[in-house]
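Visitor: One structure, pasted below without further comment.
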């Protein structure tokens, strides 16, 4: 199973490189597969590559669903996970 997640672009550099914010973690990725990406855009990231641009509303919806899943897992495990609003950042 593969998982691609939405990430917000926070910097665009040379050679089709960018830095994205993945839930508070910054990671350098490749933009070689996607044209026209700018700071503030959301992209779907898989194994270090942006696969496509994503509408901001859709990205927020997806990130919110991931946060809800994290909370559900925490409840089942009896542990504590960060609140959903912290996961979306």
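Visitor: For the chain, set up a GNM with springs between Cα atoms under 10 Å and report which of 60, 28, 77 has the largest fluctuation.
Guide: Maximum fluctuation in the GNM of the chain, among the listed residues, is at 77.
Visitor: Something else now. Considering only 56, 32, 67, give the residue with the highest GNM mean-square fluctuation for the chain, with springs between Cα atoms whenever their separation is below 10 Å.
Guide: Of 56, 32, 67, the most mobile in the Gaussian network model is 32.
Visitor: What angle, in degrees between 0 and 90 and rounded to the nearest 10, separates the Cα long axis of helix 56-77 from the longest principal axis of the Cα atoms of the chain?
Guide: The answer is roughly 30 degrees.
Visitor: Would you compute, from DSSP H runs of 4+ residues alone, the mean residue ellipticity of the chain at 222 nm, taking -39500 (n - 2.57) per run and dividing by the full residue count, rounded to the nearest 500?
Guide: -9500 deg cm²/dmol
Visitor: Taking N as the number of residues in the chain, what value does Rg over Cα atoms divided by 2.2 N^0.38 Å take?
Guide: Relative to the rule-of-thumb radius for its length, the chain sits at 1.15.
Visitor: In nm, to one decimal, how far is the modelled label at residue 16 from the one at residue 47, with both set 7 Å along Cα→Cβ?
Guide: 1.5 nm
Visitor: Hey, in the GNM for the chain with a 10 angstrom Cα cutoff, which one of 11, 38, 72 fluctuates hardest?
Guide: 72
No value in this document is a laboratory result; all are computed from the given coordinates. Just so it is clear, the structure is predicted and the values come from calculations on it, not from any experiment. In this analysis, Cβ positions are derived from the backbone assuming ideal geometry, glycine residues included, and neighbour counts consider all displayed protein chains.
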